[in-house]
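The values are calculated or read from the model by the stated rules, or taken from the named source; none is laboratory data. Just so you know, these numbers come straight off a predicted model, no measurement behind them. FYI the Cβ positions are ideal-geometry reconstructions off the backbone, even for glycines, and counts take in every protein chain you see. Surface accessibility is based on the protein's heavy atoms, side chains included, excluding ligands, DNA and RNA. Shrake-Rupley method; radii C 1.70, N 1.55, O 1.52, S 1.80 Å.
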Amino acid sequence: MVKTLVWGVKQSFRGYVEAMGTIEAGAGATRTEDGAFAFAAAPDSDLTIGADGRPTGRGVFLGEVRFDAHGGMLKVFLADPILEFGPDGAKFTVADSADRKRRIEIAALDLDAASEAEGELAFPSAITLDGYFLLGDHYPPKTPLDPVRLVKG
């Protein structure tokens, strides 16, 4: 079973926001030593990594991250990531507001370029059109983001 999803969104975005404002992780999300965010698996998460190194199932993760800069002119909220792996690939969504009523597909994962090391399976990721709008129209679709890392438990 996968016990944690670790994702930093985009290192340069984090650096910019931290220079101009604040980043807060909460509701179960924590910061890692490298500045990324760790989201713990929810009890109903059934994501597993097979002997062939391929993930299957649905990973439901808990926590939220708030980016705030320029006196509130830049505000980004993302929460409760879900990763769904199926025959047609992967879908990576987040709730984009505190009420958690709407989910957006924030990033596309490159499953063929996955790498495995030290109990983690990492996937390169790139921003989607919805992710572009969520991050304030700064990164065009397909811009590389930080890798999505799954920590086995």
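Here are some notes:
- Test set (1) in contact with a Lys or Arg (Cβ under 6 Å, 6 or more places away or on another chain); (2) closer than 22 Å to residue 152 by Cα - residue 95 fails condition number: (2)
- Where residue 117 falls short, out of the listed (1) under 18 Å from residue 24 (Cα atoms); (2) modelled with pLDDT under 95: (1)
- Filter result (hydroxyl-bearing (Ser, Thr, Tyr) and outside any loop (DSSP other than H, G, I, E, B)) within region 132-153: 132
- Within region 46-55, one or more residues are in a strand (DSSP E or B) and among the hydrophobic types (A, V, I, L, M, F, W, C).
- Residue match in region 114-131 (condition: under 22 Å from residue 12 (Cα atoms), in a helix (DSSP H, G or I) and free of Cβ contacts under 8 Å to residues at least 12 places away in the same chain): no
- Every residue from region 120-132 that is modelled with pLDDT of 95 or more, in contact with a strand residue (DSSP E or B) (Cβ under 8 Å, 6 or more places away or on another chain) and open to solvent by 30 Å² or more (accessible area, probe 1.4 Å): 124, 130
- Selection count, region 30-86, where residues are within 14 Å of the chain's Cα centre (by Cα), over 16 Å from residue 97 (Cα atoms) and open to solvent by less than 30 Å² (accessible area, probe 1.4 Å): 8
- Those residues of region 135-146 which are open to solvent by less than 60 Å² (accessible area, probe 1.4 Å) and out of contact with any Leu (no Cβ under 7 Å at 6 or more places or on another chain), in sequence order: 135, 139, 143, 145, 146
- Test: residue in region 72-84 that is assigned to a loop (DSSP other than H, G, I, E, B) and either in contact (Cβ under 8 Å) with a residue 40 or more places away in the chain or under 20 Å from residue 8 (Cα atoms) (or both): no
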